[in-house]
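Note sheet for the following structure.
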Amino acid sequence: MADLIQVVGQDRTLEVLGIRLIGVSAENGKKLLFTIAFIAIVILLNRVLKGVLRAIVGEKLERVRFWSHQAIRLLTAGVVCVGLVSIWFNNPAQLGSAAAFVTAGLAIASQKMITAFAGYLIILRGKNFNVGDRIVMGGVRGDVIALGFMQTTIMEMGQPPGEQADAPSMWVAARQYTGRIVTVTNDKIFDTPVYNYTSRFPYIWEEMHLPIPYNADRKRAEQIILEAARRYTERMAELGEDALQELERRYMIERADLEPRVYFRLTDNWCEMTVRFIVDSHKVRDVKDRMSRDMIDGLDAAKIGIASGTYEIVGMPELQVRLSEPRQ
C-alpha cells in the first residue's frame, strides 16, 4: 500500500501508482479534513442557536423569530467565509489574487445572483416588507412566509373579480389563499413596484357597489347600507386617540376618511350607491359576505329592490301567420 500511494518532492505532493497528482498534497488533505470538520461544527452551532431562540421566543413572536433567524444565517455565512479563507489562504498576496479572480468571475457569470443578494440586503432594512406582510411582488400576491438570500417565499392568494385579468390567471375570486407556494427572486424589488397591504397600517379601504332603482326610497337604502358597514367594519374609535393621531400624522389621513361612507353615482338605468369602508386586510371576503347578507335582508324588509339590466317584454306587434297546403 505504501508503494501505491506516496508523498514525494519538497512540496509533499501525493503520487498514486507512480502518477503525481498536481495540486493534491498532504497539506491540502489536512486542510480538506479540517474544512469538513469546521463546517460541521458551524452547522451544529447554527442549529443549537436556532433551538435556543425557539425556546426563548416561542412561536407567537413571529417577527422577532424571523429577524433573529436572519441574523443567525448572516452570522453563520460570515463565520464560514472567514474560516475557509483562514484555512486555505495563508499568503496575503495569494489571497488578493484569488479574491480578484473570484470577484471578476462572479461579476460576469452571476449577475442575477449578486442582484438578488443585494435585494435581500435592502429587504433586511425592513422598509419594503417583513415576514407575515401581505404584498404584491413580481406579479405574485400573497403573504410572505420566508426570506432567503436569493428568494422570497410567498403563500399565494387569489384576486377580486376586477383583477382577474391580471397575470397570473386565478381561480380564486377573492383575497384568500390558493394553496400554491411561490418563490420570487429578490432582484424583483429593483424592477417592479412592491405593494404592501399591511406594513405599519394593517387595514385597507374597500368598496361595494349596489344599483338602486330611482323610484326606491334612496335614503332608507343608504341607511341600510351604512348600518351594515358600521356593524362589521373596523371601529376606528376603538383604536384610541393616540393611535388616531399617529395615523393622521404619518399618513396624512383625515379622520372623516376612516368612517364608512356612501357615495352616489347617477347612471342611465339606476342610482349606483358605493359604500367605502376600512377593513382588516385578512378579513375582506368574510366582512363583505356578512355585509352583503345584511344588506339583502334589510332591503327586502324595506321592500327595496336591487336594479338590474334585465328587461321585460310587455307587448308585441300583431303577427299574421299564413299556412300553405303541403306539396304532394
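So here's what we get for this one:
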{"item": "Cβ pairs under 6 Å, 6+ apart, first in the stretch 122-135 and within 17 Å of PHE201 (Cβ to Cβ), second assigned to a loop (DSSP other than H, G, I, E, B) and of a type in the set (S, T, N, Q)", "result": "ASP133/THR198; ASP133/SER199; ARG134/THR198; ARG134/SER281"}
{"item": "Test: residue in the stretch 107-123 that is assigned by TED's automatic domain parsing to the domain that holds VAL52, within 34 Å of the chain's Cα centre (by Cα), modelled with pLDDT of 75 or more and surrounded by 16 or more Cβ atoms within 10 Å (Cβ to Cβ)", "result": "no"}
{"item": "The stretch 187-224: number of residues that are modelled with pLDDT of 90 or more, acidic (Asp, Glu) and in a helix (DSSP H, G or I)", "result": "1"}
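The values are calculated or read from the model by the stated rules, or taken from the named source; none is laboratory data. Since the model is a prediction, treat every value here as computed from it, not as a measurement. Because the Cβ atoms are built from the backbone with ideal geometry, glycine has one as well, and the counts that use them run over all protein chains shown.
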